There are 2 protein chains.
Amino acid sequence: MKTLPIALAALALAAPAWAKDAPSPNEIVDAAPASDWVTIAPSDLLVMDLAPDHDGSSTSSGPRRVVIQLMPPPFSQGWIGNIRKLAQAHWWDGTAITRVQDNYVVQWGDPGAEDKAKARPLPPGLATVPENEYSSSASEIWPIIKSATEHDAIGTPPPTHPVILKDPYAEASLDWHGWPVGTDGGRMWPVHCYGMVGVGRDMPPNTGSGAELYTVIGQAPRHLDRNIALVGRVIEGMEYLSSLPRGHGPLGFYQNPEHRVPIASIRLGNEVSGLPAYQYLSTESGTFARYADARANRRDPFFIVPASGADICNVPVPIRRAP
Amino acid sequence: MKTLPIALAALALAAPAWAKDAPSPNEIVDAAPASDWVTIAPSDLLVMDLAPDHDGSSTSSGPRRVVIQLMPPPFSQGWIGNIRKLAQAHWWDGTAITRVQDNYVVQWGDPGAEDKAKARPLPPGLATVPENEYSSSASEIWPIIKSATEHDAIGTPPPTHPVILKDPYAEASLDWHGWPVGTDGGRMWPVHCYGMVGVGRDMPPNTGSGAELYTVIGQAPRHLDRNIALVGRVIEGMEYLSSLPRGHGPLGFYQNPEHRVPIASIRLGNEVSGLPAYQYLSTESGTFARYADARANRRDPFFIVPASGADICNVPVPIRRAP
């Protein structure tokens, strides 16, 4: 287990955290030392380039590019292994975005998947992942949570790590090793927040191969947690998905095939030349604890009532291009 | 205080609610008797017609129309009175959507508002609403909540009314008289869910006039609850707002004025000819209690793990055109 920084004593001596002109969450993040940022390995990125849109334009700076960060162990590695194989096989090139359901998901994959005669063959060697991999052992995290909840409370400065959140869908939730997770006594699982990427599937016990993916474009559909695999999150270019025209077929599928958005290519980041380096703010840092506390208790001048709490999906892990 | 239907005894005699092939939330709503639907008065609707988009097209069926339901008392009536006056004065005609911030809000109003020389004069007689109207007395609702939480638990069928939800931003939340509300011991307030419409404002103690409005297009920004007035929700045409191109100026404002989306008109529903009748599912009905329970515990065949809870913003009040 990684040790967690307990370097917050100085904060308790500073002005009360509810003082006027308290920093906003963004200001706290902007002041983070370089050592609080963790660089994401290019091999843990999935880069999706969309074909030019209907009027022939892409963006002024090139194709519409969506960058996805894949999850580290212990989460969803069976599906992520499949996704690496699909990307290495260039399997998604020429597939399409087929579904845009408002306040729910954008989904992409093989438009012919439902028709065996037209379906694109999957590359060999994909794993069939069992349902119990929707969650992981929480044995590492649980002592931390129990310890934190015994002496901490949201809204009581100074913030200590980790910031444990009240959650309608879990016994507690928190940001942990870079990802939002829900927990119960024995298990933990990644949660469906805006921009998270998951694996489409058929009826259970099917768990999906990873060839059909979606991202969340509305209120976190947390009822999907532990029912469907999450494999990553969009870290750049989300607007190219969230602003697409909504589909008007059942479940938001495009009725007219011409409305589908063709995918030019999906590659692992280490196969893409000129890709910027991306970093996330360490969720084990003192900066992150202060940021999460400020998200739960807005004391910057625009606000008059701090909430005394936050939804896990309203404490997104900050991501940036490396400066 | 309205009496609440306790007509659920029959449900307890039916098959266990977690049985295979349990109905989905939508199936429960589709089976509601006509008497569970409440017709919305046209005078409580605000109808926004957008000008045709850049390539000259609107939709095949006419202008891009967004229909908003205004809140009833006791919520936000000071601002809603202003909004009625602004609509009656046709004040918004020729204003524009000026801001689209991904995973946050779409905002509209007078593009010249920041420049006194260019600002469009407001109609006379608008109220200045005090901050304490961000919330209302909960004296009517509190005994119901206390009574319900003492003998109910989410996930324990049969569902009883009201379904009280665990909430990171409130002591509890529930759908009440047609609207999602948060509560504490003494107060209740409407909450910022996807599609809710609120009043832009300057720094406190300014509370906004109602001339500048926004709607939520991402994860519920619940930290705004009690900090900003909510006045209604989009009940039709949400996609014409949520799928707009994102702005790239600070806070998602469009940097290029040509990217703003002109508003042709905003009218109260009783001034619009040919408007359909809209209805919402009574939140005091037995159907709604079963629907809310099913949202919190998905037992329909796609799901393998019911959540045992739900976020208030994941229990949206069903709305339909009257059949």
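Observations
- Subset of region B:83-95 [surrounded by fewer than 19 Cβ atoms within 10 Å (Cβ to Cβ) and either within 20 Å of residue B:195 (Cα to Cα) or not charged (D, E, K, R) (or both)]: B:84, B:88, B:89, B:90, B:94
- Of all the criteria given as (1) under 19 Å from the mean Cα position of the chain (by Cα); (2) of a type in the set (A, V, I, L, M); (3) modelled with pLDDT of 95 or more, the one not satisfied by residue B:172 is (3).
- Failed item in (1) buried (at least 20 other Cβ atoms within 10 Å of the Cβ); (2) within 26 Å of residue A:172 (Cβ to Cβ), with residue B:303 passing the rest: (1)
- Among residues of region A:175-200, those that are at pLDDT below 95 and of a type in the set (Val, Ile, Thr), counted: 1
For (1) under 13 Å from residue B:253 (Cβ atoms); (2) of a type outside the set (S, T, N, Q), each residue gets a yes or a no:
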position	(1), (2)
B:85	no, yes
B:88	no, no
B:91	no, yes
B:94	no, yes
B:99	yes, yes
B:106	yes, yes
B:111	yes, yes
B:117	no, yes
B:120	no, yes
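- Residue list for region A:306-323, filter: assigned to a loop (DSSP other than H, G, I, E, B), of a type in the set (A, V, I, L, M, F, W, C) and within 13 Å of chain B (Cβ to nearest Cβ): A:307, A:310, A:315
- Of all the criteria given as (1) in contact (Cβ under 8 Å) with a residue 60 or more places away in the chain; (2) in contact with an Asp or Glu (Cβ under 9 Å, 6 or more places away or on another chain), the one not satisfied by residue A:101 is (2).
- Residue match in region A:254-266 (condition: in contact (Cβ under 8 Å) with a residue 60 or more places away in the chain, in contact with a Pro (Cβ under 8 Å, 6 or more places away or on another chain), of a type in the set (Lys, Arg) and within 23 Å of residue A:237 (Cβ to Cβ)): yes
- Meets criteria (surrounded by 23 or more Cβ atoms within 10 Å (Cβ to Cβ), basic (Lys, Arg), in a strand (DSSP E or B) and at negative phi) for residue B:290: no
- For region B:106-129, the criterion of being buried (at least 17 other Cβ atoms within 10 Å of the Cβ), within 30 Å of residue A:236 (Cβ to Cβ) and within 14 Å of chain A (Cβ to nearest Cβ) is met by at least one residue.
- Filtering region B:67-126 to residues that are out of contact with any Ser or Thr (no Cβ under 9 Å at 6 or more places or on another chain) and aromatic (Phe, Trp, Tyr) leaves B:91, B:104.
- Residue count for region A:290-305 satisfying the condition of being at the interface with chain B (Cβ under 8 Å from one of its Cβ atoms) and of a type outside the set (A, V, I, L, M, F, W, C): 3.
- Residue list for region A:226-253, filter: under 14 Å from the mean Cα position of the chain (by Cα) and of a type in the set (Gly, Ala, Ser): A:229, A:232, A:237
- Qualifying positions in region B:191-245 - within 23 Å of residue B:94 (Cα to Cα) and of a type in the set (Ser, Thr, Tyr): B:209, B:214, B:215, B:240, B:242, B:243
The values are calculated or read from the model by the stated rules, or taken from the named source; none is laboratory data. This one's a predicted model, so the numbers in the text were calculated from it and none came from an experiment. Quick reminder, even Gly has a Cβ in these numbers, built from the backbone with ideal geometry, and neighbours come from all protein chains shown.
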